[in-house]
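**Student:** Starting off with a structure, shown below.
The values are calculated or read from the model by the stated rules, or taken from the named source; none is laboratory data. Since we're looking at a predicted model, the values are computed, not measured. Neighbour counts are summed over all protein chains in view; Cβ atoms, including those assigned to glycine, are modelled from backbone coordinates with ideal geometry. For the accessible areas, the whole protein counts, side chains as well, though only heavy atoms, and no ligand, DNA or RNA atoms are used. Shrake-Rupley method; radii C 1.70, N 1.55, O 1.52, S 1.80 Å.
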Amino acid sequence: MGMTDPVADMLTRVRNASGAKFAKVDIPSSKLKVQIARIFKDEGYIKNFKVIKDNRQGILRIYLRYDEKNREVIQRVVRVSRPSRRVYARNDAIPKILNGLGISILSTSRGILTDREARKQGVGGEIMCSVW
């Protein structure tokens, strides 16, 4: 795994850091990972994120979020599509996650969208990951 699937690596680091109750986790940055982090933030799964410049690709710092009982807000985060097995869905076939309690993040012709946004805009795409 590792660098052959940078998105899977990101999700694993977030999952592990969240399970260990870390306040934050640092990940090698990329445009795609920043867009995923932005959706995580918009949807309330993380507190915040920022990109820290270094002499390489930059570092994406994600500030994790816990509820008032200090439980993980992110219960599960799963990689759906993989480099070895791409998973695509037409807009009328995008699966709902836990009856809409969770989200999927899709790579579409209109950019990185949640499943809800993709349905609303009538676009399908590659299902990158799901979170709930």
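**Student:** Would you tally the residues in the stretch 78-132 being under 19 Å from Ser18 (Cβ atoms) and either within 12 Å of the chain's Cα centre (by Cα) or of a type outside the set (A, V, I, L, M, F, W, C) (or both)?
**Tutor:** Here the count works out to 12.
**Student:** Are there any pairs, at least 6 apart or on different chains, whose C-beta atoms fall under 7 Å, with the first in the stretch 11-23 and closer than 14 Å to Leu60 by Cα and the second of a type in the set (D, E, K, R) and crowded, with 17+ Cβ neighbours inside 10 Å, and if so, which?
**Tutor:** Sorted first by the residue in the stretch 11-23, then by its partner, the pairs are Leu11/Arg79.
**Student:** Give the residue, chosen from Thr4, Thr12, that is of a type in the set (Val, Ile, Thr) and at pLDDT below 95.
**Tutor:** The match here is Thr4.
**Student:** If you don't mind, another one. As an exercise: evaluate Val25 against (1) more than 27 Å from Arg85 (Cα to Cα); (2) touching a strand residue (DSSP E or B) at 6+ places or on another chain (Cβ under 6 Å); (3) surrounded by fewer than 18 Cβ atoms within 10 Å (Cβ to Cβ) and give the number of the one condition it does not meet.
**Tutor:** With (1) more than 27 Å from Arg85 (Cα to Cα); (2) touching a strand residue (DSSP E or B) at 6+ places or on another chain (Cβ under 6 Å); (3) surrounded by fewer than 18 Cβ atoms within 10 Å (Cβ to Cβ) applied to Val25, the lone miss is (3).
**Student:** Scan the stretch 84-116 for residues that are open to solvent by 70 Å² or more (accessible area, probe 1.4 Å) and either within 17 Å of Asp42 (Cα to Cα) or not in a strand (DSSP E or B) (or both) and jot them down.
**Tutor:** Ser84, Arg86, Arg90, Asp92, Lys96, Leu98, Asn99, Leu101, Ser109, Arg110, Arg116
**Student:** Could you check the stretch 49-69 and list, in sequence order, the residues that are assigned to a strand (DSSP E or B) and over 13 Å from the mean Cα position of the chain (by Cα)?
**Tutor:** Lys50, Val51, Ile52, Ile59, Arg61, Tyr63, Tyr66
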